[in-house]
Amino acid sequence: MFTGIIEGIGKIVEIHNDRENKCFTIESHIACELKVDQSFSHDGVCLTVTEVDVKNSTYKVTAIKETLDRTNLANWQIGDEINLERAMKADGRFDGHFVQGHVDAKGLVDEFYDTNGSWMIFITYSDGLGITVSKGSITINGVSLTVVDSFPSAFSVAIIPYTWENTNLSKLKKGSIINIEFDIFGKYVQRLQQLELSRI
């Protein structure tokens, strides 16, 4: 379980293919605190640490084909910066919202502009993959955000300066592909609605 509060930025320093999988080597100041088998969120995707190199401040994770198909990890390149968050401690402060690290959909940045002190991003996604509500929670590239406006298969979010400066959302532009995890409570509501409709 995660909260969507980003701890730091990692940098991809090596990528190699292993059959249909991709193995990533990531440089981060958090690397020295990691251990093998630890669950770790990367742009909102929960991946398992497979190797740690404390001397070089790097660690490795592997993404299987299912993960590559459902997320933007297949587009990662050497030098890309990614949002990192370790799993929440049982006695930790819960500052964001319930985030599982299970990406529901890839989204497309449709509009992106400066609003004189913050940044507004409009995101579209394929119909039927999830629901949003105005002022509800949403996770974008692992970052816990609040929906500003909700539309069918689209929504907008506002980015405050601190989030802009301390995550990779400042690297987004029109056409960028991002990872979306919808609010878990909204997903249960959507599933219950689908079950009710199937009974009619």
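Yes/no per residue for (1) among the aromatic types (Phe, Trp, Tyr); (2) surrounded by fewer than 18 Cβ atoms within 10 Å (Cβ to Cβ); (3) assigned to a loop (DSSP other than H, G, I, E, B):
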{"site": "Phe112", "(1), (2), (3)": "yes, yes, no"}
{"site": "Leu129", "(1), (2), (3)": "no, yes, yes"}
{"site": "Glu165", "(1), (2), (3)": "no, yes, no"}
{"site": "Phe185", "(1), (2), (3)": "yes, yes, no"}
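Filter the range 67-87 down to the residues that are touching an Asp or Glu at 6+ places or on another chain (Cβ under 9 Å) and of a type in the set (A, V, I, L, M), then identify the one that is surrounded by the most Cβ atoms within 10 Å (Cβ to Cβ).
Among those that are touching an Asp or Glu at 6+ places or on another chain (Cβ under 9 Å) and of a type in the set (A, V, I, L, M), it is Ile82.
Give the residues of the range 131-150 that are part of a loop (DSSP other than H, G, I, E, B) and either within 13 Å of the chain's Cα centre (by Cα) or of a type in the set (Lys, Arg) (or both), sorted by residue number. Break it down stepwise before answering.
Taking the range 131-150 and keeping what is part of a loop (DSSP other than H, G, I, E, B), we get 131-136, 141-142.
Once the filter is applied, which keeps residues that are part of a loop (DSSP other than H, G, I, E, B) and either within 13 Å of the chain's Cα centre (by Cα) or of a type in the set (Lys, Arg) (or both), the range 131-150 yields Lys135, Asn141, Gly142.
Given the conditions (1) of a type in the set (D, E, K, R); (2) free of Cβ contacts under 8 Å to residues at least 12 places away in the same chain; (3) touching a Phe, Trp or Tyr at 6+ places or on another chain (Cβ under 7 Å), which single one is not true for Glu111?
With respect to (1) of a type in the set (D, E, K, R); (2) free of Cβ contacts under 8 Å to residues at least 12 places away in the same chain; (3) touching a Phe, Trp or Tyr at 6+ places or on another chain (Cβ under 7 Å), Glu111 is out only on (2).
Pick from Ile64, Ile26: which is buried (at least 16 other Cβ atoms within 10 Å of the Cβ), touching a Lys or Arg at 6+ places or on another chain (Cβ under 9 Å) and in contact (Cβ under 8 Å) with a residue 12 or more places away in the chain?
Being buried (at least 16 other Cβ atoms within 10 Å of the Cβ), touching a Lys or Arg at 6+ places or on another chain (Cβ under 9 Å) and in contact (Cβ under 8 Å) with a residue 12 or more places away in the chain holds for just one of Ile64, Ile26, which is Ile26.
The numbers here are math on the coordinates, done by the rules we state, and not lab data. Just so we're clear, the structure is a prediction, and the values are computed from it rather than from any experiment. All Cβ positions, glycine included, derive from the backbone under ideal geometry; neighbour counts span all protein chains shown.
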